[in-house]
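I have placed the structure first, in the form of structure tokens, so that the comments after it can refer back to it.
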Amino acid sequence: MLGPPGATQSAQGRTALPVTTGNPPSATFPWERPLTSTTPPTSTSLSLPAPVPYPFNEQGDGLGLHAAYADAREGAGMVRVRLPHGEPAWLATRYEDARFVLGDLRFSRAMALENDEPRYNAARSKPSILSMDPPDHTRLRTLVSRAFTRHQVEGLRPWVRELTSGLLDEMVAAGSPADLVENFALPLPVQVICELLGVPASDRGQFRVWSDALLSTTRLTEDELKENQDQLTGYLAGYVAERRADPRDDLMSGLIEARDAKDRLSEEELVSLCVAILVAGHETTASQIPNFVWTLLEQPEEWQRLVDDPELVPGAVEELMRYIPLGAGAAFPRYAKEDVEVGGVLVRRGEAVVVSLGSANRDPARFDEPETLRFDRPANQHLGFGHGVHHCLGAQLARMELQEALRALVTKVPGLRIAGEPEWKRQMLVRAPRVLPVGW
Amino acid sequence: MGAWHIEVDENVCVGSGMCAALAPDRFVLEGPAASVVQGAADTDADEVLLDVADSCPASAVTVTDGESGEVLGPRP
Ligand code: HEM
């Protein structure tokens, strides 16, 4: 059951500094204390609050943010939670704490690989760019980020503009109503990423299957998940070999060529990086397009504002990125490499922290009227693309795609409306309509 | 090549720390946004600075030619 933490949250958190006595003794299940914590704990710091089940939101119930997040932000801030698999974790719910954990190098992603990391899947995650710490991460990121600068992305914009316009022309020609996901939101990012990597059109359908499988939380068994991972890895390994022998003008060839003064990407790094790019860049963007449309059409005056003035689109994209809690729950835990105080709570060395970007983005301590869409929000430093060393590699690309998608929609189908009940994704890390019937 | 000038736009910085990791003598990340080390904004030409500008996830680092003001990085 995914119940709200509500009343069970009263005794949250160890106070980090002047220690007060009288904390109610919490149940001390063996799995509440990570074995890696070697620093001698003070007496009260032994008592960790009992973890509450997480994620708070039910699967498939739209884009709302569970009230438990607001309770947590106003209350303890840092909450002990238990994900479906792995050890318990701290959940950061406030903007300040979220940004701190993501930006502080005393928190490690790499340690997640050596621990029973809190997660949604039974399967353990594979090493990737997102499971590396500096300086290894820095080396890899430098090599790859040259392909993802704003300049490179702007170069793709005219092509993406044509693509969005063409997809909408086809959708309109086929007649109202239509599924926005199948006809617009999915083909766009798939084509962009496949174009970037140079993946042939004939293989693009298969990519959607693999990408879906890799992001599914519980739909697949561990074996099925592994099989999908292996297939995708196998495909990409073959593809790397092909490009190595016969370089073209695409990202894959560029990555094979990429080198700094000291070294270049290993075969394994290349393949794993491409998997990361595919998975990270495909489902997220494809989900945010229908999420944007759903959110705007629920507040039609906001949609109309964009129809009347498409120049507002870039600001609207930033605001929608802030407003929409895309993740089904906080993912990608960070491990404390030493004792660190976060938001008044002492996180012990070896303990895991997950960060709710959706909650941080609605924190009234950081954003005025966080529940209101405001396209002209000043200094909108939302955390929708993360923060710190792992800040989304594809953020500029995603922004450009989302801007072009939204611009095309408000200019070509200004009378867009929801034409039926959406079907929501279930058991995925990201939330979005799987099917979104629209008319015009 | 002549001397270069480096700048960080703290309003768009996302605190990735790429700059401070790649060129710790020139950039620091203390607090929410990175900045140029005091007195290090005007520097000799150095390839690593272009790497920094290219790999900044927010394109917050600009490298210009100290004399002409021409933008050298991020590279197109
Ligand atoms: C709307 C679309 C997107 C959203 C909301 C999004 C969100 C995110 C977030 C929140 C992170 C940080 C995760 C963490 O630190 O725990 C991230 C990392 C990443 N994203 Fe995105 N992303 C999007 C699109 C893309 C695209 C288009 C690509 C690539 C083409 C991409 C590639 C990556 C990669 C490779 C990482 C890991 C970076 C690293 O570990 O250094 N993303 N993304």
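Please indicate, with yes or no, whether at least one residue in region A:72-93 is modelled with pLDDT of 95 or more, of a type in the set (Phe, Trp, Tyr) and away from the ligand (no atom under 14 Å from the Cβ). Taking every residue of region A:72-93 in turn, at least one turns out to be modelled with pLDDT of 95 or more, of a type in the set (Phe, Trp, Tyr) and away from the ligand (no atom under 14 Å from the Cβ). Scanning region B:17-47 for residues that are in contact (Cβ under 8 Å) with a residue 12 or more places away in the chain, under 26 Å from A:Gly103 (Cβ atoms) and surrounded by fewer than 15 Cβ atoms within 10 Å (Cβ to Cβ) yields B:Asp25, B:Ala40. Each residue in region A:264-289 was checked for being surrounded by fewer than 23 Cβ atoms within 10 Å (Cβ to Cβ), more than 9 Å from the ligand (Cβ to nearest atom) and closer than 23 Å to A:Leu326 by Cβ, and 1 pass. Would you check if there is a residue in region A:396-409 being more than 13 Å from the ligand (Cβ to nearest atom), polar (S, T, N, Q) and crowded, with 19+ Cβ neighbours inside 10 Å? No - not one qualifying residue is present in region A:396-409. Regarding region B:12-28, can at least one residue be identified that is at the interface with chain A (Cβ under 8 Å from one of its Cβ atoms) and among the charged types (D, E, K, R)? No, there is no match, as no residue in region B:12-28 is at the interface with chain A (Cβ under 8 Å from one of its Cβ atoms) and among the charged types (D, E, K, R).
For region B:1-24, filtered to residues that are modelled with pLDDT of 90 or more and of a type in the set (D, E, K, R), the residue that is farthest from the chain's Cα centre (by Cα) is B:Asp9. Being open to solvent by less than 20 Å² (accessible area, probe 1.4 Å), at pLDDT 95 or above, within 11 Å of the ligand (Cβ to nearest atom) and not hydroxyl-bearing (Ser, Thr, Tyr) holds for only one residue in A:Val317, A:Val313, and it is A:Val317. If only one of A:Glu195, A:Glu224 is open to solvent by 40 Å² or more (accessible area, probe 1.4 Å), in a helix (DSSP H, G or I) and within 24 Å of A:Leu429 (Cβ to Cβ), which one is it? Selected residue: A:Glu224, the only one of A:Glu195, A:Glu224 that is open to solvent by 40 Å² or more (accessible area, probe 1.4 Å), in a helix (DSSP H, G or I) and within 24 Å of A:Leu429 (Cβ to Cβ).
The values are calculated or read from the model by the stated rules, or taken from the named source; none is laboratory data. This is a predicted model, so every value here is computed, not measured. Quick reminder, even Gly has a Cβ in these numbers, built from the backbone with ideal geometry, and neighbours come from all protein chains shown. Note: areas computed on protein heavy atoms with side chains; ligands, DNA, RNA excluded. Shrake-Rupley method; radii C 1.70, N 1.55, O 1.52, S 1.80 Å.
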